[in-house]
Amino acid sequence: MKGFDVGVVGTGYVGLVTGTCLSHLGHRVVCVDKDEERVRELESGRIPFYEPGLEDLVSRSVREERLSFAGPGSLAGLTGEADVLFIAVDTPQGEDGSADLSSVAAVARDIGRALSESETPSSKKRPLVVVNKSTVPVGSGDYVSMLIRDGLEEAGGGEANFLVASNPEFLREGSALYDSFFPDRIVAGADSREALDTLRALYEPVIEQGFPTELDPRPKVAVPFVTTDLVSAEMIKYAANAFLATKVSFTNEVANLCELVGADVSEVAYGIGLDERIGSRFLSAGIGWGGSCFPKDVAALRAVAREYDYEPFLLDATVAVNERQLKRVIAKLQRELHTLKGKRVALLGLSFKPNTDDLREAPSLKIARALNSLGARAVGYDPVAGKKAMELAANLKVVFDPYEALRGAHAAVVVTEWEEFRTLDLKKVSDLMEEPKVLVDGRNVLDPTLALQAGLFYRGFGRG
Ligand SMILES: NC(=O)c1ccc[n+]([C@@H]2O[C@H](COP(=O)([O-])OP(=O)(O)OC[C@H]3O[C@@H](n4cnc5c(N)ncnc54)[C@H](O)[C@@H]3O)[C@@H](O)[C@H]2O)c1
């Protein structure tokens, strides 16, 4: 394969994974970040976050000279060379709930300026395809086009030889490489056939599953390549995340009813999940969702609705149910411990989900804050996110061994379903804890009978 010249702006969870995977497919990729320290770290082979398998793949692509890194100011050169330029920068939640597009806007303007300043080799048949991979609200494609033109004008003008496309990302932190090589679908939105054809050619090896990888455990089945107009692609991303968040909140609503009537939500979820129309995934009851995507994406979709004076009842309820789940953790502790003042509570798992060190909107930090305000001492353990948590949460004592967290604790909460918590030595846990030895299983991952036999006061979610 001849391969494309690709630029990726933003080397976070999405940008770095995207750039690395594209380089593995045979494209020549330069990943750019405004954070010089991050670029230096990447150049010396260090990955700034935890993602299984990524470090090896990055170093392989760098060694084979298909992947390199560049700091701020490198866009001019890159814009001249690249066939495709991904925008993969952060779009955090703004104060009013809407997506904060300032990073995307800054990059779009920079691209415009770079287009004005750069020289495209005569060998390149262009336009440059600028691809929004960041999660951005409906209409952002046109907004990016406008800002690129603004940047171009500001820098003295030149040929506006670019197209804008949307290519939302669906990777899950913790299995990001797998999700990139074996996605359920690739969505490409553009108002130009040429941009869609370029994206199809770029992803051809993934679509046809014809690329070298030892990650390949599945029979080769072509990956659906979904092409839409710009705004529909942008909407697909928000709708997908809002649906998944709603599915979890729905399960939690059912779990709370199960607690009232004495039913077991795990059995209920199994029973309904076998219906293909429902599907068995994302039917786990517990503390609820957090993380870098669901909270801000659901908030952004609600903000879009408000822009049109539309009341998104279902999305509002999805959020309300989720917020209530966190309060239920505290309520379960209060019911058994009565007062939380002076109590030590172990938090098992701090990252917002297993196999990542991402703490953005992590339930653990909210629980720690709530415990702190009620006079309890929260002690947290996480297999990989401990150091980051220490920097972020002053009200949380972080230790680096699960049993250390449990020593002297009056209660423990399983906050994140890391695999290692499923095999905790419950007898040892019980021996280490102080009465009344309450174990709130926030992810329903432990066996209640074994916990009770070990002398722990087990409380799950929706388990009768
Ligand atoms: N993290 C996920 O699991 C995930 C999944 C799907 C989609 N997304 C979306 O992808 C986007 C990126 O998410 P992320 O988690 O990778 O973010 P992140 O915060 O981990 O990384 C963003 C990177 O962009 C860089 N950046 C910001 N402004 C820049 C600029 N002007 N020039 C160059 N670099 C710049 C930052 O320094 C940072 O390294 C967001 O819109 C997010 O919603 C994230």
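The values are calculated or read from the model by the stated rules, or taken from the named source; none is laboratory data. Predicted model only: the values in this text are computed from it and were never measured. Because the Cβ atoms are built from the backbone with ideal geometry, glycine has one as well, and the counts that use them run over all protein chains shown. Note: areas computed on protein heavy atoms with side chains; ligands, DNA, RNA excluded. Shrake-Rupley method; radii C 1.70, N 1.55, O 1.52, S 1.80 Å.
A few comments on the model shown:
- Candidate aspartates and glutamates - alpha carbon under 12 Å from LYS296, same-chain residues fewer than 8 apart omitted: ASP90, GLU95, ASP96, ASP100, GLU361
- The alpha carbon centroids of region 12-60 and region 314-369 are separated by 32 Å.
- q = 0.11, 0.12, 0.18 Å⁻¹: log10 I(q)/I(0) that the Debye formula gives for region 393-464, counting C-alpha atoms only: -0.24, -0.29, -0.66
- Extension gain from ARG200 to LYS387, taking 0.36 nm per residue of separation minus the Cα-Cα distance: 63.3 nm
- Percentage relative contact order, the chain, counting C-alpha pairs under 8 Å, at least six apart: 12 percent
- Accessible area per residue, Å², the chain with all protein chains present, probe 1.4 Å: 45 Å²
- Global geometry of region 321-464, whether rounded, prolate or oblate, following the gyration tensor of its Cα atoms and the 1.5 cut on a/c: rounded
- Cα-derived Rg over Rh, computed across region 357-405 with Rh taken as Kirkwood radius: 0.93
- The long axis of helix 13-24 is offset from the longest Cα principal axis of the chain by roughly 50 degrees.
- Angle between the chain longest axis and helix 102-117 axis [Cα atoms, degrees, rounded to 10]: 20 degrees
- Taking amide H positions as modeled 1.01 Å from N, with prolines and chain starts lacking one, no residue 5 or more places away or on another chain lies under 5 Å from GLY12.
- Less than 5 angstrom separates the built amide H of VAL226 from those of ILE186, VAL187, ALA188, all sequence-distant by 5 or more or on a different chain.
- Charge tally in the Cβ shell below 12 Å around LEU85, where Lys, Arg are +1 and Asp, Glu are -1, LEU85 excluded: -2
- With q set to 0.08, 0.09, 0.11 Å⁻¹, the log10 of I(q)/I(0) for the chain, from the Debye formula over equal scatterers at the Cα positions, is -0.52, -0.65, -0.93.
- Considering only alpha-carbon pairs that sit under 8 angstrom and 6 or more positions apart, the relative contact order computed for region 183-285 is 25 percent.
- Accessible surface of region 292-343, 1.4 Å probe: 57 percent of it comes from carbon and sulfur atoms.
- DSSP bridge orientation in the chain - percent antiparallel, rounded to nearest 5: 10 percent
- Protein accessible area in region 225-264, 1.4 Å probe - carbon and sulfur %: 73 percent
- Using alpha-carbon coordinates, inclination of helix 54-63 to the longest axis of the chain, degrees: 20 degrees
- Dimensionless Rg over Rh [region 253-360; C-alpha; Kirkwood]: 1.01
- Only DSSP H runs of four or more residues enter the estimate; each adds -39500 (n - 2.57), and after division by the residues of the chain the mean residue ellipticity at 222 nm equals -14000 deg cm²/dmol.
- If you take all other residues with their beta carbon under 11 Å from the beta carbon of VAL415, and give Lys and Arg +1 and Asp and Glu -1, the sum is 0.
- Relative contact order (%) - criterion: Cα under 8 Å, at least six apart; region: region 34-164: 25 percent
- Aspartates and glutamates whose Cα lies under 18 Å from that of LYS2, excluding same-chain neighbours fewer than 8 positions away: GLU64, GLU65, GLU81, ASP83, ASP197, GLU204, GLU208
- Shape class for region 1-89, computed from the alpha carbon gyration tensor (a ≥ b ≥ c): oblate, with a/c not under 1.5 and a/b at or below b/c.
- Here region 1-153 is treated as a Stokes sphere of Kirkwood radius computed over C-alpha pairs; at 20 °C and 1.002 mPa s its diffusion coefficient rounds to 136 µm²/s.
- In this structure, the residue pairs whose Cα-Cα separation is over 23 Å, taken from LYS341/LYS388; LYS327/LYS353; LYS353/LYS387; LYS341/LYS437; LYS327/LYS387, are LYS341/LYS388; LYS327/LYS387.
- Between region 406-464 and region 266-282, the alpha-carbon centres lie 26 Å apart.
- Computed on the Cα trace of region 213-314, the radius of gyration divided by the Kirkwood hydrodynamic radius gives Rg/Rh = 1.06.
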